[in-house]
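To start, the structure under review is shown below, and the notes come after it.
Laboratory data are not the source of any read-out in this text; all were calculated from the coordinates shown. A quick note: this is a predicted structure, and the numbers were derived from the prediction, not measured. Note that each Cβ is placed from the backbone with ideal geometry, even for glycine, and that neighbours are counted across all protein chains shown.
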Amino acid sequence: MSGKRIALITGASSGIGKATAKALNNLNFGLILCGRRKEKLEELNADLGGEHLILTFDVSDEKAVFESLANRPEPFDRVDVLINNAGNAHGLASLAEGSVSDWDAMFGSNVSGLLYVTKAILPEMVAQKSGHIVNISSIAGKQTYANGTVYCATKKAVEAISEGIRLDHTKDGIKVTNIAPGAVETEFSEVRFKGDVERAKQVYAGFEPLVADDIANAIAYAVSAPDHVTIADMTILAKAQASAATIYREG
């Protein structure tokens, strides 16, 4: 593990986070695998060779974030790449009909959680005069769609946070990459629809959606760019997707 670059990935137990862990493991990174489901993280670590650090916490829990990320053992006491991937959508409804608990859950994970983790790690990067932060936004952060007002607002916040960190900390040798995926077939829609698998399947019906590996490959590209290159912002859509709410489906 000595001499390897270290990447911290939130939401590493499934989807884009899990795929990213595999991609960076293939690039010889040491990994700090963070998530809520310890058993899933342990399975992933075993698949990757068992050499990585597992930290179990919910990013929306401020106390848990700072306690979990403090006093990490060597060589994980240094973070070269932070990938803020954890986040969710909850519900699909107009503002008048939306659920306040859904809104709180989305702001808690997508915005506050990202800020907590970044606050825990960024001062270390400033001190070492190097680092790379990758924030996973969404096409929803660039284009609002009907019945997604609050989710879109959280992702627009991620876009603003990415820009702000870049403005504040480029002088400290820190790169910031904002990645905005379109329709990616993961657990995303199943979570949004409260476990309604059939409704979730309809989101991806009639076209070939992106998969987690597509986004992981983009992240791997961004963090492997030469030191003088910053991939600042990347929007990734399925071939059949023209905008946040425009997808051309067969049949």
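When +1 charges are put on Lys and Arg Cβ atoms and -1 charges on Asp and Glu Cβ atoms, the dipole computed for the chain relative to its Cα centre reaches about 340 debye.
Among the listed pairs Lys175/Lys239; Lys119/Lys156; Lys4/Lys156; Lys22/Lys171; Lys38/Lys239, a Cα-Cα separation exceeding 27 Å is found for Lys175/Lys239; Lys4/Lys156; Lys22/Lys171; Lys38/Lys239.
Taking other residues whose beta carbon is less than 12 angstrom from the beta carbon of Ala46, and scoring Lys, Arg as +1 and Asp, Glu as -1, yields -4. Give the angle, between 0 and 90 degrees and rounded to the nearest 10, that separates the Cα long axis of helix 149-169 from the longest principal axis of the Cα atoms of the chain. Result, in degrees: 30. Counting other Cβ atoms within 10 Å as a rough exposure proxy, the listed residues Phe66, Phe76, Phe57 run Phe66, Phe76, Phe57 from fewest neighbours to most. Taking percent of Cα pairs over 30 Å apart as calculated from this structure, the corresponding entry among (i) 29; (ii) 34; (iii) 23 is (iii).
Within the chain, antiparallel bridges make up roughly 5 percent of the DSSP beta bridges whose residues both belong there. Sparsely packed loop sites in region 166-251 (the trypsin sites (Lys or Arg not before Pro) outside DSSP H, G, I, E and B with at most 13 other Cβ atoms within 10 Å) comprise Lys194, Lys239, Arg249.
Only one residue of Leu41, Val203, Ser162 has its Cα farthest out toward the positive end of the dipole of the chain, where Lys and Arg carry +1 and Asp and Glu -1 on Cβ, and that residue is Ser162. Which trypsin sites (Lys or Arg not before Pro) in region 46-135 sit in a loop by DSSP (not H, G, I, E or B) and have at most 13 other Cβ atoms within 10 Å of their own Cβ? Passing both the DSSP loop test and the Cβ count: Lys129.
Relative to the dominant Cα principal axis of the chain, helix 212-224 is inclined by about 40°. Taking Cα atoms only, the orientation of helix 114-128 departs from the longest principal axis of the chain by about 30 degrees.
Ranked by Cβ crowding within 10 angstrom, fewest neighbours first, how are Met106, Met234 ordered? Mind showing how you got there, number by number?
On the way: Met106 24, Met234 17.
With the sparsest Cβ surroundings first, the list reads Met234, Met106.
Of the residues Cys152, Cys34, the one with the fewest other Cβ atoms within 10 Å heads the list, and the complete ranking is Cys152, Cys34. Label point of Glu124 set 7 angstrom out along Cα-Cβ; within region 78-100, amide nitrogens under 19 Å from it belong to 78-86.
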